[in-house]
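J.: Have a look at this one before I ask anything.
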Amino acid sequence: MDFVRACLAALLTVAAVGLSPARAVEAINVRTDAQAIENSTSLEIRGAIDELPNEQRRVIELAYFGGFTHAEIASMLDAPLGTVKGRMRLGLHKLRDQLQGWETVGA
């Protein structure tokens, strides 16, 4: 249903601007393809993160999704700063190895 609403909104906007229906459909298809690629990328990255050991996964989630600094994460986890940095480094290396060779279709 959201797709139908998005299409209708796009068609109404395109009609107001004066583009042809063919150009409107092309624009919608490009947007839909980009969303599919983005969703696929997110799922691939989330799957790779979920495979990490809990300690490494936790610091990466706090840093990249929570926006916390290494020092803030160390304080929250009651762990030495060097331990947090080490877990981050190891986790990012594992993510790189897991995702190596994986490319998005639109890249």
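J.: Please state which of the following conditions Arg87 fails to meet, knowing it meets all the rest: (1) farther than 30 Å from Gly101 by Cβ; (2) not in a loop (DSSP other than H, G, I, E, B).
T.: Unmet for Arg87, out of (1) farther than 30 Å from Gly101 by Cβ; (2) not in a loop (DSSP other than H, G, I, E, B): (1).
J.: In addition: Quick check on my filter: what residues within the range 68-88 are more than 17 Å from Asn54 (Cα to Cα) and surrounded by 14 or more Cβ atoms within 10 Å (Cβ to Cβ)?
T.: Hits for the range 68-88 are Phe68, Glu72.
J.: Moving on to the next point. Being of a type outside the set (Lys, Arg), within 20 Å of Ile45 (Cβ to Cβ) and in contact with a helix residue (DSSP H, G or I) (Cβ under 8 Å, 6 or more places away or on another chain) is the filter here, so list the residues in the range 67-90 that pass it. Reasoning before the result, please.
T.: We begin by selecting, within the range 67-90, every residue of a type outside the set (Lys, Arg); these are 67-84, 86, 88, 90.
Next, from what is left, pick out any that are within 20 Å of Ile45 (Cβ to Cβ): 67-68, 73, 88, 90.
Within the range 67-90, Phe68, Ile73, Met88, Leu90 meet the criteria.
J.: Restricting to the range 65-92, name every residue that is within 18 Å of the chain's Cα centre (by Cα) and of a type outside the set (A, V, I, L, M).
T.: Matches in the range 65-92: Phe65, Gly66, Gly67, Phe68, Gly91.
We did not get these values from a lab; they are worked out from the coordinates using the rules stated. All of these numbers come straight from a predicted model, not from anything done at the bench. Ideal geometry is used to build each Cβ from the backbone, glycine not excepted, and the neighbour counts take in all protein chains shown.
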